[in-house]
Amino acid sequence: MENTNELILTGVYPVMNYYVGIDVSKPLLDVYWNNEYHQISNDAEGLKSLLTLLAHSESTGNKIALVTCEASGGYERLLVKTLRNAAYPVHVAHANKVRAFAKAKGWLAKTDKIDAKVISLYAQVMEVLPAKYPLTECQELIKEVVKRREELCDTRAQEKNRLDKVSNPKIKKSIKAHIKWLDKSIDELSSELERLSEDTEVKNKIELLTSVPSIGVITASYIVAYLPELGSLSNKEIAALVGVAPYAHDSGLAKGKRFIQGGRQRVRNCIFMSALSSLRWNPQLRAVYDRLVARGKPAKLALTAIMRKLIIMLNSIMKRNTPWLKQEATG
């Protein structure tokens, strides 16, 4: 087979697959592919010029195999949305994975320009794939609402903790007024979630999830927004994705305790609260918990098992597209 140099000499140019790496910051996007660097503004005008650059590259007969950026606290959202609307394959990488890749390669220097190249090479070497389950517009809205609601709930908890530690009447009054405002705002966001749950894009999913005792609209909204893969993966895969799958910790003859780690924290936190609630409202899951404790399992381990059973149950419900069945909890 002719090599690349021979093809070029004969005027035949091979098609190149380009892996575009983008380092995202609030004002700028540093873009790298095929030994080219571009710096553009992180706004509508800048993204328009990025699409022009990508289109020009493809007009030469080459292919944009993947565009990869890191999750950057939300500053990447406009970029990802624009690229997906333009039908480009997109992958949002975890920053820790990209940094670990750079360290493994011995690349210790870090600038925006270097980061863009590292992201590009990470995507190519690690053969990452574009997101299979991108969020719909309604799911994106739900994600924003549940995140904001969570922030306000955290702030309310902080204010309540401060309330019994101050003696100044004016400060107490200020804290109480703030708590009252937070209560009202949280209620408004909860109502907004109820409204969004009636949208045709997610209504069926919300109804299927809330058919399970202990799963309410708030938890279902978190799952819809942060776990779009539910119902499309195997039980082992979905348990690992949430972070409730036990991992071995063995070395040589030593057999360590299995443990859970990683996963999607927001979903896991919701499943934890639902598992606690299910001990009261779901007799079948309560029976499983009691059996594990009776066999000498620590309460924390037994509760983790209930979390895993609950997420697997939800996965099965979404796969078959039918509501919860009473016997599932004992299956």
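Only one entry of 105, 117 meets the criterion of being farther than 30 Å from residue 201 by Cα and surrounded by 14 or more Cβ atoms within 10 Å (Cβ to Cβ), and that entry is 117. Screening the candidates 266, 320 for the property of being modelled with pLDDT of 90 or more, surrounded by fewer than 12 Cβ atoms within 10 Å (Cβ to Cβ) and at negative phi yields one hit, 320. Residues that are part of a loop (DSSP other than H, G, I, E, B) and either among the small types (Gly, Ala, Ser) or in contact (Cβ under 8 Å) with a residue 12 or more places away in the chain (or both) are absent from the stretch 145-164. Of all residues in the stretch 195-204, one or more are over 24 Å from residue 311 (Cα atoms) and charged (D, E, K, R).
Can you name every residue in the stretch 129-142 that is buried (at least 16 other Cβ atoms within 10 Å of the Cβ) and part of a loop (DSSP other than H, G, I, E, B)? Even if it seems obvious, please write down each step before you answer.
Of the stretch 129-142, the ones buried (at least 16 other Cβ atoms within 10 Å of the Cβ) are 130, 135, 138-139, 141-142.
130, 135, listed by residue number.
Among the residues making up the stretch 51-83, those that are surrounded by fewer than 17 Cβ atoms within 10 Å (Cβ to Cβ), in a helix (DSSP H, G or I) and of a type in the set (Gly, Ala, Ser) are 55, 59.
Give the residues of the stretch 165-189 that are among the polar types (S, T, N, Q) and at pLDDT 95 or above, sorted by residue number. If you could, list the steps in order and put the result at the bottom.
Step one: list which residues in the stretch 165-189 are among the polar types (S, T, N, Q), which gives 167-168, 174, 185.
Hits for the stretch 165-189 are 174, 185.
Residues checked against (1) more than 28 Å from residue 132 (Cα to Cα); (2) touching a Gly at 6+ places or on another chain (Cβ under 6 Å); (3) at pLDDT below 95; (4) not assigned by TED's automatic domain parsing to the domain that holds residue 262:
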{"residue": "23", "(1), (2), (3), (4)": "no, no, no, yes"}
{"residue": "34", "(1), (2), (3), (4)": "no, no, yes, yes"}
{"residue": "53", "(1), (2), (3), (4)": "no, no, yes, yes"}
{"residue": "57", "(1), (2), (3), (4)": "no, no, yes, yes"}
{"residue": "75", "(1), (2), (3), (4)": "no, no, yes, yes"}
{"residue": "88", "(1), (2), (3), (4)": "no, no, yes, yes"}
{"residue": "119", "(1), (2), (3), (4)": "no, yes, no, yes"}
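The values are calculated or read from the model by the stated rules, or taken from the named source; none is laboratory data. Here the structure is a predicted model, which means the values were calculated and not measured. A quick note on method: Cβ atoms are made from the backbone with ideal geometry, for glycine too, and the neighbour counts reach across all protein chains shown.
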